[in-house]
Amino acid sequence: GLKDGEVLIDAKRIGSRRSSNQNAYLWGVVYPSVADGLADAGWEEFSVEDVHEYCKAMFLGRDMMNYSTGEHITLPSSTAICDTAEFATYVDKISRWAAEYLGIVIPDPHDYE
């Protein structure tokens, strides 16, 4: 039933959904650490919800382009659709960014399992 033209098929291995431990670590350790690091860097107060939105846009974002104007925007994705491996990569990106730009070390997740 498809019209003639190009078709894009995206295939990926289906993994397990993120674990409740991963989610608890993100909201209980990672996001609060980033919020504190941003405050120490002089930013106005970021809630953990603000950090969540910022990090989704920065590390899970999907770039969209207007082909007429060349303008780019980034749409945040959802952490809820991440499998365990994607979620671990997301948290690792946040941790590396926080270390580089905020000068903070986010505690290892194994300390919280």
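So the values come out like this:
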read-out: Rounded, prolate or oblate (a/c below 1.5 giving rounded, otherwise prolate when a/b exceeds b/c) for the range 31-78 by Cα gyration tensor; value: prolate
read-out: Highest-fluctuation residue, Trp43, Trp97, Trp27 considered, GNM on the chain with Cα pairs under 10 Å; value: Trp43
read-out: Sites Val105 and Asp83 - FRET efficiency at Förster radius 22 Å, r taken between beta-carbons, to 0.05; value: 0.25
read-out: Nearest-0.05 FRET efficiency for Met64 and Lys3, computed from C-beta distance (R0 30 Å); value: 0.80
read-out: Coil-residue GluC sites (Glu not before Pro) of the range 17-65, DSSP, other Cβ within 10 Å capped at 14; value: Glu44, Glu45
read-out: Förster radius 35 Å - calculated FRET efficiency between Thr74 and Ser20 (Cβ-Cβ, nearest 0.05); value: 0.80
read-out: Accessible area per residue in Å² at 1.4 Å probe, computed on the chain; value: 73 Å²
read-out: DSSP loop trypsin sites (Lys or Arg not before Pro) with at most 11 other Cβ within 10 Å: longest gap in the chain; value: 14-113
read-out: Between 0 and 90°, nearest 10: helix 31-40 axis offset from the chain longest Cα axis; value: 70 degrees
read-out: Residue-averaged 222 nm ellipticity for the chain, from DSSP H runs of 4+ at -39500 (n - 2.57), nearest 500; value: -11000 deg cm²/dmol
read-out: Gyration tensor verdict on the range 41-104 (Cα atoms; rounded if a/c is under 1.5, prolate if a/b is larger than b/c, oblate otherwise); value: oblate
read-out: Rounded to the nearest 20 debye, dipole of the chain from Cβ charges on Lys, Arg, Asp, Glu; value: 520 debye
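The values are calculated or read from the model by the stated rules, or taken from the named source; none is laboratory data. What you see is a predicted model, and the numbers here were worked out from it, not measured in a lab. All Cβ positions, even for glycine, are placed from backbone atoms using ideal geometry, and neighbour counts span all protein chains on display. These area figures cover heavy atoms from the full protein model, side chains too; ligands, DNA and RNA do not enter into them. Shrake-Rupley method; radii C 1.70, N 1.55, O 1.52, S 1.80 Å.
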